[in-house]
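Visitor: The structure under discussion is supplied below as structure tokens; questions concerning it will follow.
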Amino acid sequence: MSDDFAPQCLSIDLEIGKNDSRIYQFGAVRGDNGETLRFARGDLNAALNRLDALADDVAFLLGHNLVNFDLPHLKAARPDLRLHDKPAVDTLWLNPLAFPRNPYHHLVKHYQDGRLQGDHLNDPLKDAQLALDVFHDQHGALKALNATNPQLLTAWHWLTTQDNTLSGTNRFFTKLRDKLRPSVEEAQAAIALCVKDQACITQQRQILDEASHDGWPLAYALAWLSVAGGNSVMPPWVRHQFPRSGEIIRRLRDTACTAPICLWCREHHDAAITTPQFRLVYHVDDTRRVVTLLAVATRDDVYRELQSRLS
């Protein structure tokens with residue numbers, strides 16, 4: 001991790017008993033000064049007090065599956081800890097945005113369940129450091145993406161901060177983009193640019209109308225669309241935890257509409273246009289030429305309208 005990347009955070013990882021859900025070990029590392037804390041045996045309450053003190057002046061908590069695993073177990077063990085009031089950033093949730101392509105990040109077992117990939121067993125301090133390393137790489141990847149595709153970052157900033165599930169995410173994207181959370185109008189304009197020419201326009205309009213309710217699922221769908229056609233699949237854990245993501249993609253790409261002006265559906269779902277036999281018989285591969293032939297041959301208003309738009 002580079003010397004100039006020093007987020008004011010505390011990265012935390014717990015080891016929990018499978019049968020009793022008790023905390024048996026934990027590790028923590030500061031992102032700004034490298035200070036660490038390890039608990040393997042002894043007085044858990046005293047160790048958690050030290051963890052609380054270590055987190056006192058950090059800006060946010062960090063972890064891999066922090067929101068659905070580590071924080072709930074900490075809350076169950078010690079609901080009085082001050083660190084529960086800290087914003088949270090989860091590297092598991094950020095990873096499909098930063099690395100939508102297969103094979104994803106080399107430190108993450110991303111295809112299966114998103115767990116960290118390490119060469120050790122039951123070492124929460126190393127896993128806390130790994131989460132910090134992953135966060136460093138995510139920050140670099142998203143910063144680079146912001147320079148080339150700022151509308152995608154604008155959309156993600158708005159979509160991933162619609163509630164306080166990951167309250168540190170707004171801070172993260174604000175610093176990354178050097179801009180405050182987008183307005184609804186800015187976000188919807190950015191989302192529209194992200195899906196332009198990549199999906200059914202009828203579904204696009206409906207998805208935009210529903211965007212304020214879709215949050216992370218739509219963010220993951222946009223991440224997949226940004227590399228669609230390449231070597232990428234949506235991680236199974238995302239499909240399991242956010243089934244709406246897969247539904248959004250199916251609606252955008254696989255649900256045909258009948259609007260004459262929808263180039264996506266006319267090209268990808270219109271039987272006459274997509275039939276290989278038609279293209280073979282008429283010796284045409286270009287969609288514009290196919291539409292022209294159909295407009296002339298059938299005198300169908302749909303094809304005539306499409307022909308005028310493609311001209």
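Values quoted throughout were computed directly from the atomic coordinates according to the rules given, and no laboratory measurement underlies them. Keep in mind the model is a prediction, meaning the values are calculated, not measured. Ideal geometry is used to build each Cβ from the backbone, glycine not excepted, and the neighbour counts take in all protein chains shown.
Visitor: I'd like to compare 141-150, 41-50: which one has the highest average count of other Cβ atoms within 10 Å, and what's the full order after that?
Guide: Most protected by this proxy first, the peptides run 141-150, 41-50.
Visitor: Setting aside same-chain residues fewer than 8 positions from K75, which lysines have a Cα under 26 Å from its Cα?
Guide: K18, K86, K126
Visitor: Quick one: what are the phi-derived ³J(HN,Hα) couplings along the range 57-65, Karplus 6.51/-1.76/1.60 with θ = phi - 60°, whole Hz, x for glycine and proline?
Guide: 10, 7, 7, 7, 9, 10, x, 9, 6
Visitor: Read phi for every residue in the range 190-202 and hand back ³J(HN,Hα) as whole Hz from Karplus 6.51 cos²θ - 1.76 cosθ + 1.60, θ = phi - 60°, with x for Gly and Pro.
Guide: Each residue of the range 190-202 in turn: 5, 4, 4, 5, 5, 9, 4, 6, 10, 6, 4, 6, 5 Hz.
Visitor: Moving to a separate point now. Sort K179, K86 so that the residue with the fewest other Cβ atoms within 10 Å of its own Cβ comes first and the one with the most comes last.
Guide: K179, K86
Visitor: Starting from the Kirkwood radius over alpha-carbon pairs of the range 180-260, derive D by Stokes-Einstein at 10 °C in a medium of 1.306 mPa s and give it in µm² s⁻¹.
Guide: This corresponds to a translational diffusion coefficient of 121 µm²/s.
Visitor: Take the Cβ-Cβ distance between R38 and D178 as r, set R0 to 41 Å, and report the resulting FRET efficiency rounded to the nearest 0.05. Numbers along the way, then the final one.
Guide: Details: r = 36 Å, r/R0 = 0.88.
Between R38 and D178 the formula returns 0.70.
Visitor: With a sphere of radius 13 Å drawn around the Cβ of A88, what net charge do the other residues whose Cβ falls strictly inside it have (Lys, Arg +1; Asp, Glu -1)? Walk me through the intermediate numbers first.
Guide: On the way: positive: K75, K86, R171; negative: D70, D85, D90, D163.
Cβ neighbours under 13 Å give a net charge of -1.
Visitor: Moving to a separate point now. Using R₀ = 25 Å, calculate the FRET efficiency as 1/(1 + (r/R₀)^6) where r is the Cβ-Cβ separation of R250 and A189; round to 0.05.
Guide: That gives a FRET efficiency of 0.55.
Visitor: Per residue of the range 24-37, what does 6.51 cos²θ - 1.76 cosθ + 1.60 with θ = phi - 60° give for ³J(HN,Hα)? Whole Hz please, x for Gly and Pro, Karplus curve as stated.
Guide: 9, 8, 8, x, 8, 9, 7, x, 8, 10, x, 5, 10, 9
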